[in-house]
1. Restricting the first residue to the stretch 1-25 and requiring it to be under 21 Å from Phe36 (Cα atoms), which pairs with a second residue that is open to solvent by 80 Å² or more (accessible area, probe 1.4 Å) and not in a loop (DSSP other than H, G, I, E, B) meet a Cβ separation below 9 Å and a spacing of at least six or different chains?
2. Of everything in the stretch 172-183 that's more than 24 Å from Pro66 (Cβ to Cβ) and either open to solvent by 100 Å² or more (accessible area, probe 1.4 Å) or part of a loop (DSSP other than H, G, I, E, B) (or both), which residue is modelled with the highest pLDDT?
3. Out of the residues in the stretch 66-85 that are among the polar types (S, T, N, Q) and touching a His at 6+ places or on another chain (Cβ under 8 Å), which is least open to solvent (accessible area, probe 1.4 Å)?
4. Among (1) surrounded by 13 or more Cβ atoms within 10 Å (Cβ to Cβ); (2) under 20 Å from the mean Cα position of the chain (by Cα), where does Ser63 come up short?
5. Look through Glu71, Glu116 and report the one residue that is free of Cβ contacts under 8 Å to residues at least 60 places away in the same chain, acidic (Asp, Glu) and under 18 Å from Leu152 (Cβ atoms).
6. Being in contact with a Cys (Cβ under 9 Å, 6 or more places away or on another chain) and not charged (D, E, K, R) is the filter; apply it to the stretch 96-111 and report the residue that is nearest to Gly159 (Cα to Cα).
7. Please work out which one of (1) open to solvent by less than 40 Å² (accessible area, probe 1.4 Å); (2) without any contact (Cβ under 8 Å) to a residue 60 or more places away in the chain is the condition Glu54 fails and give its number.
8. Only strands (runs of 3 or more DSSP E) wholly contained in the stretch 33-141 count here; list those with 1 or more residues that are hydroxyl-bearing (Ser, Thr, Tyr).
Amino acid sequence: MEISAELEKKCDEIIARYPKKKSAAMMIMHLVQETFGHFDDTTVRFAAEKLGVEPIEVYGMLSFYPMFSSEPRGRIHIKVCRTLSCALAGSVKLGHEISKKINCPVGETRGIYTLEFVECLGNCANAPNVQVNDKLFQNVAAEDAEKFVEKLSALDASGELAPAPSSAKPQGAGDFESPAYKG
């Protein structure tokens, strides 16, 4: 992957906001992931150089945090919560039903889809939950998997599934209406 002058500049601007370069690690990692869709050796070395750390530290974050990937993902990244509340509400069956509908095994990427089980999405009261790109869907029943996939296709066609850039500001009241904020 080729590192552009624009990416270099954005990284420098982010790093300038922090007292220590390493403190900007998560922001730089998000920017690289957003720019390229995944990390390869070139982007790992780039991030490490920008942050003033060894590449092994970037690899450590890459392997620890599930929002970062060393493999390309599909344009539609489906994350089905499998934590206890969601599992009890049928999320495991839901994940397998979605898998059948999109012809993509759980834990893999096929075509435009990446499908995986993830740990808590932080919305247990409305289980089962599915996050698609950066959009949260709640109360998704396994028997509605076909309708859910149809809805995803429509949202993708309209551009509504495109992830918001990491530089975007939160959308005020909309973010604070989330059940996660209401407790």
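The values are calculated or read from the model by the stated rules, or taken from the named source; none is laboratory data. Predicted model, so just to flag it, every value in this text is computed and none were measured. In this analysis, Cβ positions are derived from the backbone assuming ideal geometry, glycine residues included, and neighbour counts consider all displayed protein chains. Keep in mind that these areas ignore ligands, DNA and RNA; they rest on the heavy atoms of the full protein, side chains included. Shrake-Rupley method; radii C 1.70, N 1.55, O 1.52, S 1.80 Å.
1. If the second residue must be open to solvent by 80 Å² or more (accessible area, probe 1.4 Å) and not in a loop (DSSP other than H, G, I, E, B), the pairs left are Ile15/Lys21.
2. Among them, the one singled out is Glu177.
3. Out of the qualifying residues, it is Ser69.
4. Failing condition for Ser63: (1).
5. Step by step, each of Glu71, Glu116 is checked, and only Glu116 is free of Cβ contacts under 8 Å to residues at least 60 places away in the same chain, acidic (Asp, Glu) and under 18 Å from Leu152 (Cβ atoms).
6. My answer is Gly111.
7. (1)
8. Output list reads 108-110, 113-118.
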